[in-house]
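Data block below; observations after.
The values are calculated or read from the model by the stated rules, or taken from the named source; none is laboratory data. This one's a predicted model, so the numbers in the text were calculated from it and none came from an experiment. Note: ideal-geometry Cβ built from the backbone for every residue, glycine included; neighbour counts use all protein chains shown.
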Amino acid sequence: MKTTYKALILLFTGLAALLSLDSCVKNRDGETDFGGLKPIVQIPEGGMANFGNAALTFPGSDASDTAWFHLNYAATNVASKDVTVTIGYDASALAAVNSGLDPTSQYAKFPDSTYKFTTTSVTVKAGQSYSAAVPFIVFPVKIDPTKSYMFPISITAGGGATVSGNFGTIYYHVIGNPIAGTYSWDWTRWNNSTGTGTPTSSSFTGGSNVFSPDNPTQIEVTSGYFQGARYVLSFTNNAGVLSNFQVILNPSDVSSQLTANGITVTEGPTILTADPINHVYKFHYSVFNGSAYRYLIDKYYR
């Protein structure tokens, strides 16, 4: 997300928090009086309204990645002095989320080896409305992609300001998926519509790719053709028995990477193999690039 866009989101979030109190601060002449309005501190990237945006989707092969959030001092004016806000891990917020989920979908706390977060206080400087960015560091390569984890961070003391009821917590989480993770990858291409004869020299074996979870029963993984349009693979999970596998190409990728470059999908994608027991998945699709056909197979295995 571009910095300028994020700044607007933060601004509008702060304004929304203030405007929501408008009906409570009317004076006897019916005009809005903000004089008695107490400042609010909040995490503008937080709240259940932004739960989806707090999903950590870094590649599982990354050694280290950082997510960032801010503290917002929402008031009629900027902070007149430094405002120090206390924050920390919130076990009760994790329990509250899990209370609304079935047991197979519940989150565990991030294992200690998978993250680094030691911040306990953040300061909004005098003359400012926002703190500097606060880091939450994760180590994706150490995270088990088949399990769901969460690390809620809450404001525990507002430094004299009221803590927002709706935006007082940010819910960093990863979604577990039983087939997620790193796979070996073979890609084969034929310059025809039948997949016969000798594959092209651009074909390869022994590569590496990642099944990145969208949710507990859907993953995405890049294909080998052109700019790597992603397969979207979904399935049914019945008490650990996986079935009903279905695959499509990510519609956004088809539009931006294929259609926009004059490439038409003429066949597929289809599943040639979906074997969760032996961890083998094989997909095919064909395209016409405006002058020639391409027959394509991606195989993922571990």
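A residue that is of a type outside the set (A, V, I, L, M), in contact with a strand residue (DSSP E or B) (Cβ under 8 Å, 6 or more places away or on another chain) and either at pLDDT below 95 or buried (at least 16 other Cβ atoms within 10 Å of the Cβ) (or both) cannot be found anywhere in the stretch 255-263.
Of the residues that make up the stretch 207-223, is at least one of a type in the set (D, E, K, R), modelled with pLDDT under 95 and either under 22 Å from VAL174 (Cβ atoms) or out of contact with any Lys or Arg (no Cβ under 6 Å at 6 or more places or on another chain) (or both)?
Kept after step one, since they are of a type in the set (D, E, K, R), are these residues of the stretch 207-223: 214, 220.
If we keep only those that are modelled with pLDDT under 95 as well, we get 214, 220.
Those left that are additionally either under 22 Å from VAL174 (Cβ atoms) or out of contact with any Lys or Arg (no Cβ under 6 Å at 6 or more places or on another chain) (or both): 214, 220.
The answer is yes, given that some residue of the stretch 207-223 is of a type in the set (D, E, K, R), modelled with pLDDT under 95 and either under 22 Å from VAL174 (Cβ atoms) or out of contact with any Lys or Arg (no Cβ under 6 Å at 6 or more places or on another chain) (or both).
Can you find a residue in the stretch 161-168 that is under 30 Å from THR236 (Cα atoms), buried (at least 21 other Cβ atoms within 10 Å of the Cβ) and assigned by TED's automatic domain parsing to the domain that holds ASP65? No, the stretch 161-168 has no match at all.
Taken as a whole, the stretch 293-300 holds at least one residue that is modelled with pLDDT of 95 or more, aromatic (Phe, Trp, Tyr) and closer than 22 Å to TRP185 by Cα.
Scanning the stretch 131-165 for residues that are at pLDDT below 95 and polar (S, T, N, Q) gives THR146, SER148.
What residue, among those in the stretch 49-68 that are under 20 Å from TYR107 (Cα atoms) and polar (S, T, N, Q), is modelled with the highest pLDDT?
ASN50
Inside the stretch 185-199, residues that are loosely packed, with under 15 Cβ neighbours inside 10 Å and on the phi < 0 side of the Ramachandran plot make up a count of 5.
Of all residues in the stretch 267-289, those satisfying the criterion of being over 27 Å from the mean Cα position of the chain (by Cα) and either among the aliphatic types (A, V, I, L, M) or more than 27 Å from THR217 (Cα to Cα) (or both) are LEU272, ILE277, VAL287, PHE288, ASN289. For the criterion of being modelled with pLDDT of 70 or more and hydroxyl-bearing (Ser, Thr, Tyr), THR13 fails.
Number of residues in the stretch 200-226 that are exposed (fewer than 14 other Cβ atoms within 10 Å of the Cβ) and not in a strand (DSSP E or B) equals 3. Pairing residues of the stretch 99-111 that are without any contact (Cβ under 8 Å) to a residue 24 or more places away in the chain with residues that are of a type in the set (Ser, Thr, Tyr), at Cβ distances under 6 Å and at least 6 apart in sequence or on separate chains, gives no pairs at all.
Kindly evaluate TYR149 against the criterion of being of a type outside the set (A, V, I, L, M), crowded, with 19+ Cβ neighbours inside 10 Å and in contact with a Leu (Cβ under 7 Å, 6 or more places away or on another chain). In short, no. Looking across the stretch 151-199, the residues that are among the small types (Gly, Ala, Ser) and in a strand (DSSP E or B) come down to SER154, ALA157, GLY181, SER184. Each residue in the stretch 227-284 was checked for being under 24 Å from PRO103 (Cα atoms) and either basic (Lys, Arg) or not in a strand (DSSP E or B) (or both), and 4 pass.
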